[in-house]
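One structure below.
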Amino acid sequence: MLNSERIGNQFYQNLGKLFYAIAATDQKVRPSEIKRLRKYVRQFWLDVDAVDDEVGTDAAYQIEIVFDWLQETDYTGGEVHFNEFKRFYKEHQDKFTSQVKKLILDTADSIASSFAGKNKSEMLLLQRLKSLFNH
């Protein structure tokens, strides 16, 4: 796999971690949050670039794959995964255009709002994400 393809896959995997962190920050991932994530992946993320994963499918599906895997196996909540995304972002800021940052924020906000509006923990994590992108 070419280095750029590897980074592309890692990009989407880290987005899966971030969006899981948003959904799990209140210690419970709700069906409406999962549904909203899938809607955004199909409606917006598949069109971001032409990167495929190792089996030839659009790498944007890595968002869902990682999210689902974390939902089944993770019991730490979102903080660990937010920090993993933050580390990836700092190492690969060139992959995060202003358009991509806006789509990330829109997706995260939509996930957080999908169940009875945003709670305090979700609002705080969204604010941390915005701050990360502004530095």
**Request:** Within the range 45-57, identify whether any single residue is at negative phi and under 13 Å from the mean Cα position of the chain (by Cα), and answer yes or no.
**Result:** yes
**Asked** Of the numbered conditions (1) under 16 Å from L37 (Cα atoms); (2) free of Cβ contacts under 8 Å to residues at least 40 places away in the same chain; (3) of a type in the set (A, V, I, L, M), M123 satisfies every one except a single condition; which is it?
**Response** (1)
**Item:** So S110, is it assigned to a helix (DSSP H, G or I), touching an Asp or Glu at 6+ places or on another chain (Cβ under 6 Å), touching a residue at least 60 places away in the same chain (Cβ under 8 Å) and not basic (K, R)
**Value:** no
**Request:** Please enumerate the residues belonging to the range 115-131 that are surrounded by 17 or more Cβ atoms within 10 Å (Cβ to Cβ) and either basic (K, R) or within 18 Å of L15 (Cα to Cα) (or both).
**Result:** K118, E122, L125, L126, L129
**Matching helices (runs of 4 or more DSSP H) fully within the range 1-86 where at least 3 residues are at pLDDT 90 or above, of a type outside the set (A, V, I, L, M) and more than 21 Å from T97 (Cα to Cα)** = 31-43, 61-73
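The values are calculated or read from the model by the stated rules, or taken from the named source; none is laboratory data. All figures in this text were calculated on a predicted structure; none of them were measured in a lab. Cβ coordinates were reconstructed from backbone atoms using ideal geometry, including for glycine residues, and neighbour counts include every protein chain displayed.
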